[in-house]
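Report on one structure; see the data block that follows.
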Amino acid sequence: MNDHRNTIDRTGTAGHRTHRRTGRTVLAVAAVAGLGLAWAGTAEAASPSAAKSTPTCSAAALKATFGQQLGGGMNHQGVVIRLRNLSGRTCALRGYPGLGLENSAHHTLTTHTHWGSTWYAKDPGKKTLVLKDGESAEAVVAWTHANTGTSGAVHASYLEITPPAATQHKTPAFPQWVDHGDLSVTALARHINVTP
């Protein structure tokens, strides 16, 4: 019985030594590779392009205006909104603008905003837009107005436009009837092709 145990022990010890040698080799290779990765990461972090980041455009840095007015059948209506960087420096925008309706006294009205494609334009998806001073980004806003003058419609006077990642908004005049306060909006892009 002892012989049997010793045989198993010897075989186990030999196998363990081989496994230990292989394990040491693998660890050594991994350590060298890890040092290389750590060095590469440090070099990348120290590069000027990685160290600099473009600040997000604040509402104060932007001017909000309306572009092309969009009409059509089936009580659909829309407009292109433009956010122009007037900050004097480069800033970035990414994603969808926040929207809200206000009445003539600037009180907030019930608003439901839907992100994605609209009746007039396909959604371009989220992309980071780096805007130099004077450059613009645009999005398409769409709504219906079948229930004009009824309890199912909201009569707005202004549209709150909040840039992505901002906490303040712009409020251009927006004298429109909007069914149930439902607005659809695309992501911001340099230019969006629309179907008028």
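For Trp177, the test of being in contact (Cβ under 8 Å) with a residue 40 or more places away in the chain and aromatic (Phe, Trp, Tyr) is failed. Inspection of the stretch 53-62 finds a residue satisfying the criterion of being modelled with pLDDT of 95 or more, open to solvent by 80 Å² or more (accessible area, probe 1.4 Å) and either in contact with a Pro (Cβ under 6 Å, 6 or more places away or on another chain) or not β-branched (Val, Ile, Thr) (or both). Of the residues making up the stretch 81-115, those that are among the aliphatic types (A, V, I, L, M), assigned to a strand (DSSP E or B) and in contact with an Asp or Glu (Cβ under 9 Å, 6 or more places away or on another chain) number 5. Only one of the numbered conditions (1) closer than 17 Å to Leu62 by Cβ; (2) surrounded by 14 or more Cβ atoms within 10 Å (Cβ to Cβ) is violated by Thr113, and that is (1).
The values are calculated or read from the model by the stated rules, or taken from the named source; none is laboratory data. Quick caveat: nothing in here was measured; it's all calculated off a predicted structure. Here the Cβ is made from the backbone with ideal geometry for all residues, glycine too, and neighbour counts use every protein chain on show. These area figures cover heavy atoms from the full protein model, side chains too; ligands, DNA and RNA do not enter into them. Shrake-Rupley method; radii C 1.70, N 1.55, O 1.52, S 1.80 Å.
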